[in-house]
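*Asks:* The structure's right below; bear with me while I get my questions together.
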Amino acid sequence: MFERFSDQARRVIVLTQEEAREHGHDYIGPEHMLLAILRACEIGSAATTARALAELGIEPAAARVQIALTPGTADYSVSGNIPFTKQARKALENSLREARALNHAHIEASDLLLALTSTADDDPDTPIAAAVNALGLGHEKLRRALAAVATHHASAPVNPRFTPLVLRALARADTEAHKTSNSRADTGHLMLGLLAHEDEVVHPALRALGIDPQQLATEVLNRLPRKD
């Protein structure tokens with residue numbers, strides 16, 4: 001079903017895997033999807049959703065801190081896809097309904113979030129319901145915020161969109177920030193994100209100046225502040 005997803009929504013799905021791994025869980029539930037959407041908002045790969053949350057006074061990084069999941073004990077020394085729970089699969093299916101209701105050509109991160117708020121309403125005694133309630137996030141409130149963002153966006157100048165390579169660099173910057181126990185990605189993390197992916201501009205330019213990208217990445221990494 002992921003062929004119906006936009007690039008940004010597919011990135012959210014990848015991030016759900018990372019969230020489950022980081023929490024030691026051997027399943028992906030709606031709560032992992034919510035954390036992934038918030039992280040996508042942080043790194044700039046879910047801009048519409050981030051603007052809608054801002055309309056509601058919700059800051060993604062602070063919201064992630066509010067969502068407390070019980071750590072699991074799953075061992076992920078061997079890579080592999082983590083299965084979605086029945087509730088998570090239902091939310092994925094409902095995201096298509098949300099996309100159609102808003103006349104979206106593809107399922108967006110905002111459609112996923114709308115589906116999650118509906119899931120929370122349907123199953124009030126679940127981790128996703130607790131997380132949504134902790135954020136003060138409701139289905140109709142979110143729908144109105146998205147409508148407000150869409151109205152503003154329609155009258156605003158068109159902004160350039162990030163290419164997939166830029167989105168991967170931003171995602172890598174976020175990962176590097178987590179590795180050094182930082183809650184926010186800084187310029188050093190962004191540099192590591194840029195250096196992690198071979199491209200046709202940055203890497204050739206560095207080599208033309210006699211700078212080895214890998215050595216530069218090592219130097220940047222050694223200078224990054226680490227929090228205990």
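Values in this text are rule-based calculations from the coordinates and carry no lab data. Fair warning: this is a prediction, and the values are worked out from it, not measured in the lab. When we count neighbours, we look across all protein chains shown, and the Cβ atoms used for this are built from the backbone with ideal geometry, even at glycine.
*Asks:* Distance in nm between label sites at Ala68 and Arg144, each 7 Å beyond Cα in the beta-carbon direction?
*Replies:* In this crude spin-label approximation the distance works out to 3.0 nm.
*Asks:* Classify segment 1-56 as rounded, prolate or oblate from the Cα gyration tensor: take a ≥ b ≥ c as the square roots of its eigenvalues, call it rounded if a/c is under 1.5, otherwise prolate when a/b beats b/c and oblate if not.
*Replies:* oblate
*Asks:* Oh, and also: With a Förster radius of 22 Å, plug the Cβ-Cβ distance of Asn103 and Asp123 into 1/(1 + (r/R0)^6) and report the FRET value to the nearest 0.05.
*Replies:* Details: r = 28 Å, r/R0 = 1.25.
Efficiency, rounded to the nearest 0.05: 0.20.
*Asks:* Further, regarding this structure: With charges only on Cβ, +1 for K and R and -1 for D and E, what is the dipole size of segment 1-133 about its Cα centre, in debye, rounded to 20?
*Replies:* Working: 12 positive and 19 negative charges, 59 e Å.
Charge dipole of segment 1-133: 280 debye, to the nearest 20.
*Asks:* Could I ask something else about it? Taking the highest mean first, how do the peptides 18-27, 197-206 order by number of other beta carbon atoms within 10 angstrom per residue?
*Replies:* 18-27, 197-206
*Asks:* Now for a different question. Nothing charged except the Cβ atoms of Lys and Arg (+1) and of Asp and Glu (-1): what's the magnitude of the dipole of segment 66-133 about its Cα centre? Round to the nearest 20 debye. Working shown, then result.
*Replies:* On the way: 5 positive and 9 negative charges, 34 e Å.
It works out to roughly 160 debye.
*Asks:* A further question on this structure: For the chain, with only Lys/Arg (+1) and Asp/Glu (-1) charged at the beta-carbon, what is the dipole magnitude about the Cα centre, in debye rounded to 20? Walk me through the numbers before you get to the answer.
*Replies:* Details: 24 positive and 29 negative charges, 67 e Å.
Result for the chain is approximately 320 debye, rounded to the nearest 20.
*Asks:* Continuing with the same structure: Apply the a/c threshold of 1.5 to the C-alpha gyration tensor of segment 1-133 and tell me whether it is rounded, prolate or oblate. Present the calculation step by step, with values, prior to reporting the outcome.
*Replies:* Numbers: a/c = 1.41, a/b = 1.26, b/c = 1.12.
Rounded shape, in that the Cα axes give a/c under 1.5.
*Asks:* Another question, if that's okay. For q values of 0.10, 0.16, 0.17 Å⁻¹, compute log₁₀ I(q)/I(0) with the Debye formula on a Cα-only model of the chain, without solvent.
*Replies:* These q points yield log10 I(q)/I(0) values of -0.49, -1.17, -1.28.
*Asks:* Which FRET efficiency value, to the nearest 0.05, is calculated for Val202 and Asn81 with the Förster distance at 41 angstrom and r the Cβ-Cβ distance? Write down the numbers at each step before the final one.
*Replies:* On the way: r = 31 Å, r/R0 = 0.76.
Efficiency for this residue pair is about 0.85.
*Asks:* Mind checking which aspartates and glutamates have their C-alpha under 15 Å from Lys179, skipping anything on the same chain fewer than 8 residues away?
*Replies:* Here the aspartates and glutamates satisfying the reach criterion relative to Lys179 are Glu18, Glu19, Glu22, Asp228.
*Asks:* I've got another one for you. Plugging the Kirkwood radius over Cα pairs into Stokes-Einstein for segment 78-151, at a temperature of 10 °C and a viscosity of 1.306 mPa s, what D comes out in µm²/s?
*Replies:* Values: Rh = 13.0 Å.
Using the Kirkwood radius from Cα pairs, D works out to 122 µm²/s.
*Asks:* Take peptides 40-50, 142-152 and line them up by average Cβ neighbours within 10 Å, highest first, as a rough protection proxy.
*Replies:* Values: 40-50: 23.5, 142-152: 16.5.
Highest mean packing first, the order is 40-50, 142-152.
*Asks:* For a protection proxy built on the mean count of beta-carbon atoms within 10 angstrom, sort 170-179, 131-140, 211-220 highest first, please.
*Replies:* Numbers: 170-179: 20.2, 131-140: 16.7, 211-220: 14.0.
Output ranking for 170-179, 131-140, 211-220: 170-179, 131-140, 211-220.
*Asks:* Could you tally the net charge around Arg100, taking each other residue with its Cβ under 13 Å from the Cβ of Arg100, Lys/Arg +1 and Asp/Glu -1?
*Replies:* Charge balance near Arg100 sits at -2.
*Asks:* Right, here's the next one. By how many nm would the segment from Glu59 to Lys179 lengthen if fully extended, with 0.36 nm per residue of separation less the alpha-carbon distance?
*Replies:* Between Glu59 and Lys179, full extension yields an extra 41.0 nm.
*Asks:* If one computes the Cα centroid of segment 78-140 and of segment 1-75, what distance in Å separates the two points?
*Replies:* What the calculation gives is 11 Å, centre to centre.
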